[in-house]
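Computed from the coordinates by the stated procedures, all read-outs in this text should not be read as laboratory data. Owing to the predicted nature of the structure, the values given are computational and were not obtained by experimental measurement. Neighbour counts are summed over all protein chains in view; Cβ atoms, including those assigned to glycine, are modelled from backbone coordinates with ideal geometry.
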Amino acid sequence: MSLASTTYGDGFPLVCLSWFGLDGDAMAAAMEPALTDTIALRRFYPDLPGHGRSPGGPENSDEVVDAVLEFVDARIGSERFLLAGCSYGGYIAAAITRRRPEQVAGLLLVCSGVKVGRKDRDLPELPDRADPDGWLSGVPADLRDHLSLALGNRDREVAERVAAVLASSATGDDAYQARLRATGYPVSDEGADAIYSGPTSLVNGRQDRIGGYADQFRALSSYPYATFSALTDAGHYVPFEQARVFRDLTREWLARCDVDR
């Protein structure tokens, strides 16, 4: 199938996969500030199936992986590429890396899913402290419950920044997304004992009550050359909640990838 995408720049290819329910432009909003003034990169931001401008179709996440690999084959070919993913996008990125480890030159997993079934995730509790008054007052009412769960940085400016990204993301096919989540969410090799020895960075929010950080820490055994971060005052939207630290961690990962050209 054909995935819609946005592309920026020239240089070594980097494919970036977004959160479940969000389009590639939301991923670009997360990644582009961290990539400014780095090595020359051709950045691809595809809309996953049923997201943004891409049609639905795949019956399960294995077929979503296949769709992204078709995109890679069409746009990059057999060339090596960097791969980044946030949340479900990270879950798909990890599965792609298990299938094509030799082609993936480096892997960045941000607030990434490890166990996609919510009941299977090891999730933290919020610290026992009061939230600031009115920190969600500037957020549309239909996003308040989600952001109260998702954000670890309980700051009004952060909440409004994330809400703006969520609101601007193209909706996609809601019925398809709900069906995928209900009937075909896990990849068939979730939890496989595969080893990826390329440069890897796992960036997580210490207060991420959607994806957690403990499962990601346990996954380090699959990534012998990985750095691991669990950032305090951060939840499921680390690139927006802790933008400066995320930028520094992304650049540290790129420096280890050794793909300058």
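Here are some notes:
- Helix 156-168 and the longest principal axis of the C-alpha atoms of the chain enclose an angle of approximately 50°.
- Helix axis angle, 24-35 relative to the chain longest principal axis, alpha carbon, degrees: 90 degrees
- Taking 15 Å as the cut-off, the amide N atoms of region 48-85 that come nearer than this to a point 7 Å along the Cα-to-beta-carbon line of residue 179 belong to 49-51, 55-61, 63-64.
- Loop trypsin sites (Lys or Arg not before Pro), region 102-181, which have at most 15 other Cβ atoms in a 10 Å radius of their Cβ (DSSP): 129
- Of the GluC sites (Glu not before Pro) found in region 1-76, those in coil by DSSP whose Cβ has at most 16 other Cβ atoms within 10 Å are 59.
- Most to least packed among 227-233, 13-19 [average Cβ atoms within 10 Å]: 13-19, 227-233
- Sorting 27, 1 by the number of Cβ atoms found within 10 Å of their own Cβ, with the fewest placed first, yields 1, 27.
- Efficiency of FRET between residue 60 and residue 197 - r from beta-carbon atoms, R0 25 angstrom, step 0.05: 0.35
- For the chain, built as a Gaussian network whose Cα springs stay under 10 Å, the top-fluctuating residue of 92, 210, 76: 76
- The label point for residue 217 and the one for residue 258, both projected 7 Å from the Cα toward the Cβ, are 3.0 nm apart.
- Among 213, 45, 237, 8, a tally of other beta-carbon atoms within 10 Å of each Cβ gives an order, fewest to most, of 8, 213, 45, 237.
- Seen against the Cα atoms of the chain and their longest principal axis, helix 61-75 is set at about 60 degrees.
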